[in-house]
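Asker: I am attaching a structure below and will ask some questions about it afterwards.
The values are calculated or read from the model by the stated rules, or taken from the named source; none is laboratory data. The shown structure was predicted, so the numbers you read here are calculated from the model rather than taken from an experiment. So basically every Cβ, Gly included, is an ideal-geometry build from the backbone, and we count neighbours across all protein chains shown. Keep in mind that these areas ignore ligands, DNA and RNA; they rest on the heavy atoms of the full protein, side chains included. Shrake-Rupley method; radii C 1.70, N 1.55, O 1.52, S 1.80 Å.
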Amino acid sequence: MSTQDKALRLKKARSPAGDPRHGERLPPGQVLTERFPILHEGEVPQYDRATWRLRLSGLLSSALELSLDDLLALPQRELVCDIHCVTRWSKFDTAWRGVHLSDLLEHYGVEPSGQFVMAHADQGYETNLPLQDLLRPDSLLVTHYAGEPLTPVHGWPLRLVIAGRYFWKSAKWLRQLEFSDIDRPGFWERNGFHNEADPFREERFSGRALDIPEDEWERKAFD
């Protein structure tokens, strides 16, 4: 199935009814799951830890290239947050560990001048974010989930977690953060998904309001 066909399929069918037991914690149109669905485009990348690098580029006082060991040597933060996928599943109280972008920039004495960031990941994936979203306390450059290193299917060695945005903004297999003064749309944003991706406003798609099949996420593999 092509990317455009997949996006069109997600835009059809009805929304699930909300569950009043979860009050305002569960965004509209979402279904709570205890499992962790595995969703991505393409094959799971294979990496050599010794040669893997994260690059920070663009409108910065100086560019950076960091190894996984460099990241693990930085101050570590823990984050417990709810995550919400555009395919209508939500998972509460997910536990992550990693590096906050503000700590990384401070440690290396690097200052960004652009107000937007393009997160580049493997398999040609990219997603755009305001820099302010990455600097919020509930955002993280993640190396660990539930106390263990990320598994390959969930983004090892590094992924983003951007709480408060649909989960496509939390790019797996992160390789580069490109700082810019232009908010250029990313992979799904170019294919009809909303630029802001606020789940509590149901910002799933750009343009007219459309639905996602409520069982779409149940077709996927799970942890």
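Asker: Would you pull out the residues with amide H under 5 Å of TRP89's amide H, same chain only if 5 or more places away, H placed 1.01 Å from N?
Answerer: Amide H neighbours of TRP89, under 5 Å, 5+ apart: VAL31.
Asker: With a 1.4 Å probe and all protein chains left in place, how much accessible area per residue does the range 89-191 have, in Å²? Spell out each step's value before the answer.
Answerer: On the way: 3700 Å² over 103 residues.
Normalised by residue count, the accessible surface of the range 89-191 is 36 Å².
Asker: Same structure, new question: Take the Cα coordinates of the range 117-192, assign each an equal point scatterer, and use the Debye formula without solvent to give log10 I(q)/I(0) at q = 0.14, 0.15, 0.22, 0.26 Å⁻¹.
Answerer: -0.41, -0.47, -1.00, -1.33
Asker: Under a plain spin-label model, where a point goes 7 Å from the Cα along Cα-to-Cβ, how far apart in nm are SER206 and ASP183?
Answerer: About 1.1 nm separates the two model spin labels.
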